[in-house]
Amino acid sequence: MTEFFDTHAHLDFPDFAADLPEVVARATAAGITRIVTIGTTLEGSRRAVEIAERFPSVFAAVGVHPGHVDESPDEIRGALSALAAHPKVVAIGEIGLDFFRRPGEAVPDPGADALNRAKQVSLFRQQLEVAAAAGLNVVVHTRDSFRPTLDVFRPYSSAVRGVFHCWVGTVPELEEVTALGSLASFTGIATFKNGGNVRAAAAAAGKGTFMLETDCPFLAPVPHRGKRCEPSHVAELAPLIAATRGCSLEALSAETCATARSFFPRMG
Ligand SMILES: [Zn+2]
């Protein structure tokens, strides 16, 4: 069996509450030998650490997602540093900026919206500082905000590498990210009919510049599309990425696992 890692899962989400041991066992059986479970709030990050303590193959990232800044304290450096000291915490994440709006959606309260975006930037910076101080890399979420995300990230990029997860950007954008020493990671979107952008990026990505992930419970790859996604589904994503790059499954395994081990140095 060919080994792969799921570098981005949300095992603390309620979707997995009923059958987490089976989910992790199915991943192992499918050759997914490492899973990074990612926090999206301080409370969720604590749960991610607990899950990492329960399963040898699971590691944790801790952080506050830009979609959860409204319910977060204004100052999180102390709490996050304490979580980051745990030996199974391998990154700070997920962190970043999310300026997504549904098409045609009006801004109900421009004042509140501006405050929300300012808080997103403030918490993103605080978490980059914590990562730099802890010697950890960061898992970056960006949606409709690539340019502002890169602007906030760039001053930290000599101290911290980022994985721009769930990559859906263009090839020139990918080149900007990798020029900073940072990475992309590809989800099951690569298997979707409308995932051409992701396949183009996967084909163009230089050696050692990308990883594989599920973002489960979201984004199940074909043929599971629309169902709950889980880490074992990396086994369906990997052959498509290998075919897109014109390499063997074994070569893709060696490359992506080595990239992940160097990006998450505490993972081993
Ligand atoms: Zn995520």
For 106-117, 56-67, 146-157, ranked highest to lowest by mean beta-carbon neighbours within 10 Å, the order is 56-67, 146-157, 106-117
Rg (one decimal) and Dmax (whole number) from the Cα set of segment 16-71, in Å, equal 12.3, 39
What helix-only [θ] at 222 nm does the chain give? Using -39500 (n - 2.57) per DSSP H run of at least 4, over all residues, to the nearest 500, the answer is -12500 deg cm²/dmol
In nanometres, the difference between 0.36 nm per residue of separation and the alpha-carbon distance of residue 50 and residue 102 is 15.2 nm
Rounded to one decimal in nm, the spacing of the 7 Å Cα→Cβ label points at residue 112 and residue 251 is 5.3 nm
Rounded to the nearest whole number, the per residue volume of the convex hull around the C-alpha atoms of segment 35-192 in Å³ is 123 Å³
If the label point sits 7 Å along Cα→Cβ of residue 26, residues of segment 219-251 with amide N under 16 Å come out as 219-237
Of every Cα-Cα pair in segment 151-214, the percentage lying beyond 15 Å is 46 percent
In whole Hz, the Karplus estimates of ³J(HN,Hα) for segment 41-48 (6.51, -1.76, 1.60; θ = phi - 60°; x where Gly or Pro) are 9, 4, 5, x, 5, 4, 5, 4
Using eta = 0.692 mPa s and T = 37 °C, Stokes-Einstein with Kirkwood Rh from Cα pairs puts D for the chain, in µm² s⁻¹, at 178 µm²/s
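Where a number appears in this text, it was derived from the coordinates with a stated rule and is not lab data. Computed from a predicted model, the values in this text were never measured in an experiment. A quick note on method: Cβ atoms are made from the backbone with ideal geometry, for glycine too, and the neighbour counts reach across all protein chains shown.
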